[in-house]
1. Do the conditions hold for Leu297, that is, is it within 23 Å of the chain's Cα centre (by Cα), modelled with pLDDT of 95 or more, of a type outside the set (Gly, Ala, Ser) and buried (at least 19 other Cβ atoms within 10 Å of the Cβ)?
2. Being open to solvent by 10 Å² or more (accessible area, probe 1.4 Å) and among the polar types (S, T, N, Q) is the requirement here; does Ser281 meet it?
3. Quick check on Ser147: is it surrounded by fewer than 23 Cβ atoms within 10 Å (Cβ to Cβ) and within 19 Å of Ser110 (Cα to Cα)?
4. Thr123 is checked against (1) of a type in the set (Ser, Thr, Tyr); (2) modelled with pLDDT of 90 or more; (3) open to solvent by 10 Å² or more (accessible area, probe 1.4 Å) and fails just one. What number does that condition carry?
5. Considering segment 1-47 alone, what residues qualify as being more than 20 Å from Cys82 (Cα to Cα) and open to solvent by 60 Å² or more (accessible area, probe 1.4 Å)?
6. Looking at segment 171-196, which of the residues that are more than 20 Å from Leu134 (Cβ to Cβ) and buried (at least 17 other Cβ atoms within 10 Å of the Cβ) is nearest to the chain's Cα centre (by Cα)?
7. Residues of segment 99-114 being under 21 Å from Pro21 (Cα atoms), of a type in the set (Val, Ile, Thr) and in a loop (DSSP other than H, G, I, E, B), which ones?
8. In segment 316-346, what residues are open to solvent by 60 Å² or more (accessible area, probe 1.4 Å) and at pLDDT below 95?
Amino acid sequence: MLTLRNETEATILQVLAKGVPLSRAELAREMGVTRSTVGAPTARLLDLGLLRFADPLDTDPKTAVRRFGRPGERLELTPGFCTFAAVDISFGCIKVGLTDTLGGIVAVRSRDIAPAEQTAQATMAAVAELTRALIDGRDDVAGLAVSVPGVVTDNGLILRAPTLGWRDVPLTAQLRDSLPRIDRLHVSNDASLYAAAFSNRHPDRLGGNAIVVWMDAGIGGGLVANGTVINGNAGLAGEIGHMFISARDGAAMHRLEDIAGYAALMSRSRALGGSADSIESLLDEYRAGHPGTRRALQDWSRALAEGLTNLTSLMDPGVMLFSGPMAAILKELEAETFAAYTSMLQYGTPPARWRIELSDDRTLVRAGAIMLRHDLFTFGEGAMGRAASGLRLA
């Protein structure tokens, strides 16, 4: 049982969760308190095993910097204090990862699943099997975070996941039945999870007010206001891909992700004569000048720009952060997409600054672990809605 006694202990842990070892004096300066304020809490966290003394910066006497007085011992989180499990459910693939307290990947298991066979029942069975394979025999698992490309209610119901063909799936309830050893369980939309984790990890990069766009099979978003992710009245805010945009080629109105989502883009490219079967090969065709692929990507760029223009008019963000597998396409077409975006803004509306963070296949696993750790290190009501003053390790 881990029990945080006060806000000071929680703040110490969250500061050190940034991954930079600090002396007690440096820690106090970072927190804006006196050194004596952190003395007893750090001693207790050392006794609990949550903190440890970091290796000296330089142990070679020939190159070590000479200092007057005794150098302060630097503290850091103990990587092996506990582990966090995270599941990334995406279109055609399930990934389960285990990270240590510092966020380092301990192990990952994944399974490809044919989209036609990716029913909720089959997916849950695979998630449970992969998760058990990772955590069986361990007594240090401090929670499980699950990300899904769909609309997730506050009680863990998948209201709809269009790319998976799911509706009204009680995901949290099913996982609690199949994984009873997991005490702390959190299910969220993939984009909202990424937004929360990035905001927690790098608040300075979002400038207070931002829109985080996760680009995968669909297009999801996280809305950040004054550093806080806005979940909406029922936890459904940020469904960027579900907004309607103007017609393409004179056709009816489309949802943004019906044009700018992965499946829609690949289908459009093939209809125009392309043969790409991945983002990498699609970009190769684009760079080679394939006319059909170039047309498909021009449509994609224009549709995305229109959606982002609508979001800017609504939210007036200072920053737009893009990540996810399809962010690589935006990186390639950034100049023309940004130009189209700014050309659609109303007079006097400042464009948001764009940041593109390329992802890898473990990005959402790490994001889930970051938020579980943040919850564990929060005194009182945790980030995931559970009291963090008495958390049991699975």
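1. Working: within 23 Å of the chain's Cα centre (by Cα): no; modelled with pLDDT of 95 or more: yes; of a type outside the set (Gly, Ala, Ser): yes; buried (at least 19 other Cβ atoms within 10 Å of the Cβ): yes.
Answer is no for this residue.
2. So Ser281 passes the test.
3. Numbers: surrounded by fewer than 23 Cβ atoms within 10 Å (Cβ to Cβ): no; within 19 Å of Ser110 (Cα to Cα): yes.
Considered against the rule, which asks whether it is surrounded by fewer than 23 Cβ atoms within 10 Å (Cβ to Cβ) and within 19 Å of Ser110 (Cα to Cα), Ser147 comes out as no.
4. Only one criterion is unmet by Thr123, namely (3).
5. The answer is Glu7, Glu26, Arg29, Glu30, Gly32, Thr34, Arg35, Ser36, Ala40.
6. My answer is Tyr194.
7. Listed by number, the list holds a single entry, Thr101.
8. Asp316, Gln346 - these are the residues of segment 316-346 that are open to solvent by 60 Å² or more (accessible area, probe 1.4 Å) and at pLDDT below 95.
The values are calculated or read from the model by the stated rules, or taken from the named source; none is laboratory data. Just so it is clear, the structure is predicted and the values come from calculations on it, not from any experiment. So basically every Cβ, Gly included, is an ideal-geometry build from the backbone, and we count neighbours across all protein chains shown. With ligands, DNA and RNA removed, areas are computed over all heavy atoms of the protein, side chains included. Shrake-Rupley method; radii C 1.70, N 1.55, O 1.52, S 1.80 Å.
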